[in-house]
Amino acid sequence: MAYPLLLLTVVVPLAAAALCYLLGRPLGKRIGWIALVALALTTVMMLVPAAQVFSGGAPVSESYPWGGTGQSNILSFGFLADGLSIPVVVLVNLVLAATAVYSMPYMEKRMQSLYGEVRGSRLGIYYLNFLLVGSGLAGIALSTNLIELYLFLELVLVPTFVIISMFGYTDKEKVGIIYIIWNQLGAFVFLAGIALSYEATGSFSVSSLQSAQGTSLAYWVAGLILVGWVVKMGAFGVHMWLPITEAEPPTAFAPTMAAVSGIGSYVIVRLLLFGMPATFQAFSLPLMVWAVVTMFYGGAVTLAQTDVKYLFAWSTMSQNAYSLLAIGSWSVLGAAGGVFYFVSHILGKFIMFAVAGILLTQTGLRDIRQMGGLAGRMPFTAALFMLGALILSAVPPTSGFQAEWIMFAGIFGRGTVSSSYLTVSLLGIIATLLTVAYTFWPMRRIFFGSLPSSLAEVKEAPLAMTVPLFALAVASIVIGIYPDLVLKFLVGFVNGLPIGGKIG
């Protein structure tokens, strides 16, 4: 290609981050528009390779040797836009762009609450770190080198810690430390897997993982990579950090947190289903069992929540496990459905977390028990909550429906292998009932019934907080009606995997 579009997709948010920091004081909350322009530009740039791949062309790759030609196989950093990475980067960027707009009014009120005044320099720090996370997520999805991927993972870790510890809610410094310790633990385990993969193959290239199969280190490599990312996805047993670190950051950043934890599903498909499919097959049933336990536990605890932010934070744990269950099925439908569910989930989760932020800014409340009857005062917000619930509950014509039926087609296809797989598959479909329950029962308690007298003067949120949500809801419905917008990319990739089944 004439221009290094993939490199620019990573670099443009970095440049915009520096610009936001420098211009924060004079521009104030308007620096959010700089973030929006940067993310919109990178999305448009990604549409160029997307059009090529969508029309049946070859994936687009860029390579940047580092350290001399003699070591290029070890230190050649590069980017790859193919059927797996393109929908992830594009849809994550869309969510981040919506977050940039939503953050402008939200962070203004958050600054007033924290410091009694709005300082542009602090807003500059917020958008600086927000865009660093955006660059890191794009880098994770596009990386072709394991060390490169690890460095982008670290790029996400540090600014996320800064945002939590500076702008969060209860015990924000403590929550930031919890986040960085647990995620550094997952990253350390992942790094150990990378080191062993180099020992087995002599290369850090993602594609070299295929030659690690059949070696004495193969199962250690796959196991360490898998465990490292399952920690970062907050599966049961290593989940203690996830709910609090999604509930206590500024609510404007919470949807980004869902993308940070959920992108592990993409990485597992890229590194293990693509790189080490034969080795990964041994982890199939244990991963599916682990995922089902997480779905039930996370769903049950979600139902017990009365804090609207913790409600959606705990639900992230349960819904990340949907993708793990699908990926564990070791099938092309499961792989496609698992990644499809991830990108659909962050669309719905953005809406739900953003509604929680609207409720907090407009009513000052997080306790669901103190709400009720708000649909009359906040009809747009109530409609948005309903749309988010439809996406997460997989109701047609949303993207959630398309993702979930594809995912479960793969899961139940695996159920034909043995009674153990069938039992896990049935439990997985039963667990989805919990999702319906914890997405719809809060709506009744928050928006219907009698309106407390203390909320009689509540007003609807400003358009800057509602329009981005409606835009993503429309995107979800469009994908639900025309799923080929995502599936055509994923099918082209997963049909080439040496795992169970094909998609016609």
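Provide the descending list of Cα extents for segment 72-171 along its principal axes, expressed in whole angstroms.
The Cα atoms of segment 72-171 stretch 53, 24, 23 Å along their principal axes.
With only alpha-carbon pairs counted, each pair once and no self-pairs, how large is the Kirkwood hydrodynamic radius of segment 1-68 in angstroms?
Radius from the Kirkwood sum: 13.8 Å.
Just tell me which aspartates and glutamates come within less than 19 Å, Cα to Cα, of K232; anything on the same chain fewer than 8 places away is out.
Answer for K232, where 19 Å is the Cα cut-off: E148, E154, E246, E248, listed by chain and number.
Order 492-501, 454-463 from most to least packed using the mean count of other Cβ atoms within 10 Å.
492-501, 454-463
Could you size up the charge dipole of the chain around its Cα centre, putting +1 on the beta carbon of Lys and Arg and -1 on that of Asp and Glu, and report it in debye to the nearest 20?
760 debye
Would you mind ranking M166, M240, M107 so that the residue whose beta carbon has the fewest other beta carbons within 10 Å leads the list?
Arranged by neighbour count, lowest to highest, M166, M240, M107 become M240, M166, M107.
Starting from one equal scatterer on each C-alpha and no solvent at all, send me the Debye-based log10 I(q)/I(0) for segment 275-344 at q = 0.18, 0.22 Å⁻¹, two decimals.
Results for segment 275-344 at q = 0.18, 0.22 Å⁻¹ read -0.68, -0.88.
If we sort 27-39, 86-98 on the protection proxy, mean other Cβ atoms within 10 Å, highest first, what's the order?
By packing density, highest mean first, the sequence is 86-98, 27-39.
What is the set of long-range amide H partners of L374 at a cut-off below 5 Å, with H atoms built 1.01 Å from backbone N?
F447, F448
Could you pull out every residue, at least 5 positions away or on a different chain, whose amide H is within less than 5 Å of the one on N145? Hs are placed 1.01 Å off N in the peptide plane, and Pro or chain starts have none.
G78, V206
Counting other Cβ atoms within 10 Å, keep those with at most 11, restrict to DSSP loop, and tell me which trypsin sites (Lys or Arg not before Pro) in segment 367-455 are left.
Sparse-neighbourhood loop trypsin sites (Lys or Arg not before Pro): none present.
Largest first and in whole Å, give the semi-axes of segment 24-126's equivalent ellipsoid, each being the square root of 5 times a Cα gyration tensor eigenvalue.
Working from the Cα gyration tensor, I get semi-axes of 37, 19, 10 Å.
Contour minus end-to-end for I429 and Q370, with contour as 0.36 nm per residue of separation and end-to-end as the Cα-Cα distance?
The span from I429 to Q370 would gain 17.9 nm if fully extended.
Just need the relative contact order of the chain here, percent rounded to a whole number, with Cα pairs under 8 Å and 6+ apart.
Normalised by residue count, the contact order of the chain is 15 percent.
I want to check the label-to-label distance for V158 and K502. Put each point 7 Å from Cα in the C-beta direction and report it in nm to one decimal.
Here the answer is 4.8 nm between the modelled labels.
Between L347, A259, G372, whose Cα lies farthest towards the positive end of the dipole of segment 258-395 when Lys and Arg beta carbons carry +1 and Asp and Glu beta carbons carry -1, centred on the Cα centre?
Toward the positive end, the furthest listed residue is G372.
If one takes the longest principal axis of the Cα atoms in the chain, at what angle in degrees, from 0 to 90 and to the nearest 10, does the Cα axis of helix 284-303 lie?
Approximately 0 degrees, to the nearest 10.
Percentage of Cα-Cα pair distances in segment 5-494 greater than 29 Å, rounded to whole percent?
Here the long-distance tail beyond 29 Å is 46 percent of all Cα pairs in segment 5-494.
Using +1 at the Cβ of each Lys and Arg and -1 at the Cβ of each Asp and Glu in the chain, identify which of S197, P87, V474 lies farthest towards the dipole's positive end.
V474
For the chain, take the longest principal axis of its alpha carbons; what is the angle in degrees between that and the long axis of helix 85-115, to the nearest 10 within 0 to 90?
Long axis of 85-115 versus the principal axis of the chain: about 30 degrees.
Kindly identify segment 128-274 as rounded, prolate or oblate by the Cα gyration tensor criterion: order the square roots of the eigenvalues as a ≥ b ≥ c, call it rounded if a/c is under 1.5, otherwise compare a/b with b/c, prolate if a/b is larger, else oblate.
Taking the square roots of the gyration eigenvalues as a ≥ b ≥ c, segment 128-274 is prolate.
Rounded to the nearest 0.05, what FRET efficiency do A471 and F54 have when you use their Cβ-Cβ distance and R0 = 30 Å?
Computed FRET efficiency for A471 and F54: 0.85.
DSSP loop (so not H, G, I, E, B), at most 14 other Cβ within 10 Å: list which GluC sites (Glu not before Pro) in segment 96-170 pass both filters.
Answer in residue order: E117.
For segment 322-384, take the alpha-carbon Rg, divide it by the Kirkwood Rh, and send me Rg/Rh.
Radius of gyration relative to Kirkwood radius: 1.22.
Multiply the residue separation of A304 and D171 by 0.36 nm, subtract the distance between their alpha-carbon atoms, and state the gained length in nm to one decimal.
Value of the extension gain: 45.7 nm.
Between T416 and K459, with labels modelled 7 Å along Cα→Cβ, what's the label distance in nm to one decimal, could you check?
6.0 nm
For all pairs of alpha-carbon atoms in segment 312-438, what percent lies in each bin of width 5 Å, listed from the first bin to the last filled one?
2, 11, 19, 21, 16, 11, 8, 6, 4, 2, 0
Applying 1/(1 + (r/R0)^6) with R0 = 35 Å to the Cβ-Cβ distance of Y3 and M240, what FRET efficiency is obtained, to the nearest 0.05?
Once the sixth-power term is evaluated, E becomes 0.20.
Helix 379-392 against the longest principal axis of the chain: what's the angle in degrees, Cα atoms only, rounded to the nearest 10?
20 degrees
Across segment 396-403, in residue order, what do the Karplus-derived ³J(HN,Hα) couplings come to in whole Hz, using 6.51 cos²θ - 1.76 cosθ + 1.60 with θ = phi - 60° and x for Gly and Pro?
Using θ = phi - 60°, the values come out as x, x, 7, 5, x, 5, 4, 5 Hz.
Determine the shape class of segment 366-490: with a ≥ b ≥ c the square roots of the Cα gyration tensor eigenvalues, call it rounded for a/c under 1.5, and otherwise prolate if a/b is greater than b/c, oblate otherwise.
Oblate, because a/c is 1.5 or more while a/b does not exceed b/c.
Every number in this text was worked out from the coordinates using simple rules, so none of it is lab data. For clarity, every value in this text was computed on a predicted model and none was experimentally measured. With ideal geometry, Cβ positions are generated from the backbone for all residues, glycine too; neighbour counts draw on all protein chains shown.
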